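The next block holds one structure in the form of structure tokens; read it before the comments.
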Amino acid sequence: MTKTDVVIAGAGPTGLMLACELRLSGVEVVVLDRLDGRSGESRAAGMHARTLEVLDQRGIVEPFIAAGRSLPSGLFAKQLLNLARLETRYPFSLMLLQTRTEALLDQRAAELGVQVRWSSEVAGLRQDETGVVIDVRHPDGSVSTMSADYLVGCDGGRSAVRKLAGISFPGTPATLTAMLGDVELADPPDGPTVVAGEKGNVSVLGYEPGWHRVFTTVYDVVISRDEPMTFERLRDWTMQIAGTDFGMHSPRWLSSFGDSARQAERFRLGRVLLAGDAAHIHFPAGGQGMNLGMQDAVNLGWKLGMVVNGHAPDALLDTYHDERSAVAARVLQNTRAQTALARPGPHGDALREVFADLVAVDDVNQMLAGMISALDIRYPLGDGHPLLGRRFPDLDLTVPDGEIRLFSLLHTARPVLLNLNDDPRLLAELTAVTAGWRDRLDIVDARCRGRFPQAAGDSELSPPAAVLIRPDGHTAWITSTGDTPDLTALESALTTWLGPANEPVGPDSWDEGERDRGELVEQA
């Protein structure tokens, strides 16, 4: 029986991102996928600002930016959102097909030593307090077994892992059918186009030269997911709604789906966890699905690494459900709202007119832009400072060796205690308090260059005196300049997120696992 630390079911963007995160912690990972290789299907078509930020936090964003095309706007129920004013280095949507995203993540995973096994379908699982045994079915019908400390289902909306674990998937059923085709057009529109009809609407977008994506939505018609999608159906419904099929031909990829919105009752059951579409499905309004899954992976990866490496108790994994299930529920809610806003008919027309006036208000536009981009997420880590629980901004910093960006400190997926204060006594206090966590914590003494961004959506903030930043970039503890730092609260935060303190250790006393992790970080 093969043994590894973590088995991930599903080699899509969520599964690959999680595998890469775990390898940065030195965790052994095997990724299983029932397909025999990459399908070549274009699927998800873009990334939002927060996903680009988490890629930047790992030092790998540049290839994604180079491969995509940036747009300064997003959509909420077909209403344009201005992203240019978002407080981020990436105030735009990146048009990048999932095929290219997967290729770049494949490359990253290979560099980090991730094992991906195709034609390997999870067919059964059994778990106890010591681990999980997974039955793996192969194309010839044979079944082998694997054991792991944890199993993570990243295997899509029809997740075998979720079903085998017995985790319920409540939600609302479909009320419409959406048909999508990547096709060539003999008579394309001049630019991005939305045509509303009595039964639904048609969107036409050009992603790459020579072909377009036609997205046709028919309300109050629900077609079984098991019924094959055909080019003829897409063309016929497009003609009925738009009065033209734009001369579509030569389909590259066809798909159909509904607007059912469901969320796993639990994102964790013992040693089985869920992420991405395995944990939540929704209508792709606003292009949030793949982004939501990749951000699930970044929230879970460092926590699972802490637990597998024996630093933190497995209760830390409960915070993954607590934090990400709330985020997913909000996405399900806003996608339901978007499908309601796009519904054809006089009542829908009236609602859209009112909504268009609201979106024209800057504050409303910015609120929706923050929601769709996931920049406004605040985990419930306590009250007090407006940045607590939020993503910490990518500051320009001066350190003894020169000038850096804050996100570069997170490339190794380790938590960072950042001192921004000139008072050497504070740095000495922070160093003393954190001595028992130095094997899994970096302390950085720096100064902020330039303005401190409007990161919390409030008035501009002064740079804090010191801050504890989790590996996913969220603020776990913070103290303001001029305030007496609550060092007891810092110790509590360190214990919560990094596990109990150890006796201070130096590099000479690292065990082999810790030495391997350091080598991985250098390779990355």
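Residues that are within 19 Å of residue 36 (Cα to Cα), of a type outside the set (Val, Ile, Thr) and in a strand (DSSP E or B) within segment 129-145 comprise 135, 137, 144, listed in sequence order. Scanning segment 258-281 for residues that are at positive phi and part of a loop (DSSP other than H, G, I, E, B) turns up just one, 270. The listed residues are 37, 10, and the only one of them that is at positive phi and buried (at least 17 other Cβ atoms within 10 Å of the Cβ) turns out to be 10. Counting the residues of segment 390-442 that are hydrophobic (A, V, I, L, M, F, W, C) and at positive phi gives 1. Does residue 286 meet the test of being more than 19 Å from residue 30 (Cα to Cα), touching a Leu at 6+ places or on another chain (Cβ under 7 Å) and small (Gly, Ala, Ser)? It is true that residue 286 is more than 19 Å from residue 30 (Cα to Cα), touching a Leu at 6+ places or on another chain (Cβ under 7 Å) and small (Gly, Ala, Ser). For the structure I just gave you, tell me whether residue 244 is outside the structural domain of residue 500 (by TED's automatic domain parsing), over 17 Å from the mean Cα position of the chain (by Cα) and either surrounded by fewer than 17 Cβ atoms within 10 Å (Cβ to Cβ) or more than 30 Å from residue 3 (Cβ to Cβ) (or both). Criteria met by residue 244. I'd like to check something: does segment 145-160 contain any residue that is surrounded by fewer than 18 Cβ atoms within 10 Å (Cβ to Cβ), among the acidic types (Asp, Glu) and either in the same structural domain as residue 19 (by TED's automatic domain parsing) or farther than 19 Å from residue 265 by Cα (or both)? Among the residues of segment 145-160, not one is surrounded by fewer than 18 Cβ atoms within 10 Å (Cβ to Cβ), among the acidic types (Asp, Glu) and either in the same structural domain as residue 19 (by TED's automatic domain parsing) or farther than 19 Å from residue 265 by Cα (or both), which makes the answer no. Would you pick out the residues in segment 1-29 that are of a type in the set (Asp, Glu) and in a helix (DSSP H, G or I)? Correct list: 21 only. Of all residues in segment 30-49, one or more are part of a helix (DSSP H, G or I) and closer than 24 Å to residue 367 by Cβ.
With respect to residue 184, determine if the residue is surrounded by 14 or more Cβ atoms within 10 Å (Cβ to Cβ) and either of a type in the set (Ser, Thr, Tyr) or over 26 Å from the mean Cα position of the chain (by Cα) (or both).
It is true that residue 184 is surrounded by 14 or more Cβ atoms within 10 Å (Cβ to Cβ) and either of a type in the set (Ser, Thr, Tyr) or over 26 Å from the mean Cα position of the chain (by Cα) (or both).
Exactly one residue out of 407, 452 is modelled with pLDDT under 95 and either part of a strand (DSSP E or B) or farther than 25 Å from residue 492 by Cβ (or both), and it is 452. Of all residues in segment 471-504, those that are over 23 Å from the mean Cα position of the chain (by Cα), in a helix (DSSP H, G or I) and surrounded by 18 or more Cβ atoms within 10 Å (Cβ to Cβ) total 3.
Identify, from the list 77, 103, 84, the residue that is at pLDDT 90 or above and over 25 Å from residue 452 (Cα atoms). Quick ask: steps written out before the conclusion?
On the way: 77 fails: at pLDDT 90 or above; 84 fails: over 25 Å from residue 452 (Cα atoms).
One residue alone meets the criteria, 103.
Residue pairs whose Cβ atoms lie under 8 Å apart, separated by 6 or more positions or on different chains, with the first residue in segment 347-376 and in the same structural domain as residue 296 (by TED's automatic domain parsing) and surrounded by 11 or more Cβ atoms within 10 Å (Cβ to Cβ) and the second in a loop (DSSP other than H, G, I, E, B) and at pLDDT 95 or above, do not occur.
Restricting attention to segment 65-85, the residues being on the phi < 0 side of the Ramachandran plot and in contact with a helix residue (DSSP H, G or I) (Cβ under 6 Å, 6 or more places away or on another chain) number 7. Residues considered: 384, 370. Of these, the only one that is modelled with pLDDT of 95 or more and more than 23 Å from residue 153 (Cβ to Cβ) is 370.
Residue count for segment 174-212 satisfying the condition of being out of contact with any strand residue (DSSP E or B) (no Cβ under 9 Å at 6 or more places or on another chain) and either more than 25 Å from residue 41 (Cα to Cα) or of a type in the set (A, V, I, L, M) (or both): 3. Within segment 87-100, restricting attention to residues that are modelled with pLDDT under 95 and of a type in the set (D, E, K, R), which residue is farthest from residue 12 (Cα to Cα)? Checked segment 87-100; the qualifying residue farthest from residue 12 (Cα to Cα) is 87.
If you filter segment 258-282 down to residues that are under 30 Å from residue 219 (Cα atoms), among the hydrophobic types (A, V, I, L, M, F, W, C) and buried (at least 24 other Cβ atoms within 10 Å of the Cβ), you find that the one that is farthest from the chain's Cα centre (by Cα) is 264. A single entry from 85, 117, 100 fulfils the requirement of being under 30 Å from residue 367 (Cβ atoms) and basic (Lys, Arg): 85. Looking at segment 41-61, can you tell me whether even one residue there is among the small types (Gly, Ala, Ser), out of contact with any helix residue (DSSP H, G or I) (no Cβ under 9 Å at 6 or more places or on another chain) and at negative phi? Looking for residues that are among the small types (Gly, Ala, Ser), out of contact with any helix residue (DSSP H, G or I) (no Cβ under 9 Å at 6 or more places or on another chain) and at negative phi, one finds none in segment 41-61, hence no.
The values are calculated or read from the model by the stated rules, or taken from the named source; none is laboratory data. Since we're looking at a predicted model, the values are computed, not measured. For neighbour counting, all protein chains shown are included, and Cβ atoms are generated from backbone atoms with ideal geometry for every residue, glycine included.
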